[in-house]
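Read-outs throughout are calculated quantities, based only on the coordinates presented, and are distinct from any laboratory measurement. Everything quoted here is computed from the prediction, not taken from an experiment. Here the Cβ is made from the backbone with ideal geometry for all residues, glycine too, and neighbour counts use every protein chain on show.
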């Protein structure tokens, strides 16, 4: 069996708050909880939107938090991230793709592929020809080995109207590639700040609520201009893979008010 911890969207800031929320406290609480309750996990994945606006300060401080974890944490790119800042301050596997933050992790239960869907200057995602070629090479090399893909931007609509506006631009082509390889067993995605699950073209998928703030449910309707975080607790997930079977448990590690000032 392979057990891993999945976290996403910490929106870490080295100072200040997000609408009164302290993202440092939330990240620390998640790491502490995972270390205490799931020490048998092999590693954790942090699927993007790592930092806020202070690229140098946020990445430097974030690196300290991640290094303090007893569990190895592999960070990934989201739309809020910066490749140069990321590479300067955070660790990557030695065989990561040179120009993008993409890498593979081989486990007893299959290959984990961690993708870079960042699009410069946009909240939406991008998966260019170079990244697509890397992915195709990894899938071809994997052969019959099961493959599990982690990424920030979903390549499909999820019935979340505002988030669906900023999904992966090349979603159809991306899914065409995946469905050409029967080895792809599951997609894991961040970005939307809400848990969802389902299947797309026969491939199961899951999204995860954020470590930081949660997006409102789609009803009643809302807009980015009047966005207000939902009064819902954050969580991370425990992913277990055994003989091709996948379970995803959503773990509430603090209550909805934790980390709020005032």
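Starting from residues that are touching a helix residue (DSSP H, G or I) at 6+ places or on another chain (Cβ under 9 Å) and outside any strand (DSSP E or B), keep the ones in the stretch 166-189 and report whichever is surrounded by the most Cβ atoms within 10 Å (Cβ to Cβ). Selected residue: 174. In summary, residue 163 fulfils each of the numbered conditions (1) assigned to a helix (DSSP H, G or I); (2) within 16 Å of the chain's Cα centre (by Cα); (3) closer than 15 Å to residue 187 by Cα with the single exception of condition (3). Could you look through the stretch 203-218, keep only residues that are in contact with a helix residue (DSSP H, G or I) (Cβ under 7 Å, 6 or more places away or on another chain) and more than 20 Å from residue 124 (Cβ to Cβ), and pick out the one that is surrounded by the most Cβ atoms within 10 Å (Cβ to Cβ)? Here the residue is 211. Just so you know, in the stretch 93-108 the residues that are touching a residue at least 60 places away in the same chain (Cβ under 8 Å) and surrounded by fewer than 18 Cβ atoms within 10 Å (Cβ to Cβ) include one that is nearest to the chain's Cα centre (by Cα), and it is 107. If the condition is being more than 22 Å from residue 104 (Cα to Cα) and either under 16 Å from the mean Cα position of the chain (by Cα) or surrounded by fewer than 18 Cβ atoms within 10 Å (Cβ to Cβ) (or both), then the stretch 43-60 contributes 51, 52, 53, 54, 55, 56, 57, 60. When residues of the stretch 223-256 are filtered for being in contact with a helix residue (DSSP H, G or I) (Cβ under 9 Å, 6 or more places away or on another chain), over 24 Å from residue 187 (Cα atoms) and surrounded by 11 or more Cβ atoms within 10 Å (Cβ to Cβ), how many remain? Final tally of qualifying residues: 2. Would you point out which residue out of 97, 132 is touching a helix residue (DSSP H, G or I) at 6+ places or on another chain (Cβ under 9 Å) and part of a helix (DSSP H, G or I)? Being touching a helix residue (DSSP H, G or I) at 6+ places or on another chain (Cβ under 9 Å) and part of a helix (DSSP H, G or I) holds for just one of 97, 132, which is 132.
Against the test of being under 19 Å from residue 46 (Cα atoms) and assigned to a helix (DSSP H, G or I), the options 85, 78 yield a single qualifying residue, 85.
Does residue 148 count as under 14 Å from the mean Cα position of the chain (by Cα), over 21 Å from residue 10 (Cα atoms) and not in a loop (DSSP other than H, G, I, E, B)?
Details: under 14 Å from the mean Cα position of the chain (by Cα): yes; over 21 Å from residue 10 (Cα atoms): yes; not in a loop (DSSP other than H, G, I, E, B): yes.
Yes: the conditions hold for residue 148.
Of the listed requirements (1) in contact (Cβ under 8 Å) with a residue 40 or more places away in the chain; (2) farther than 23 Å from residue 86 by Cβ; (3) over 18 Å from the mean Cα position of the chain (by Cα), residue 25 misses just one: (2).
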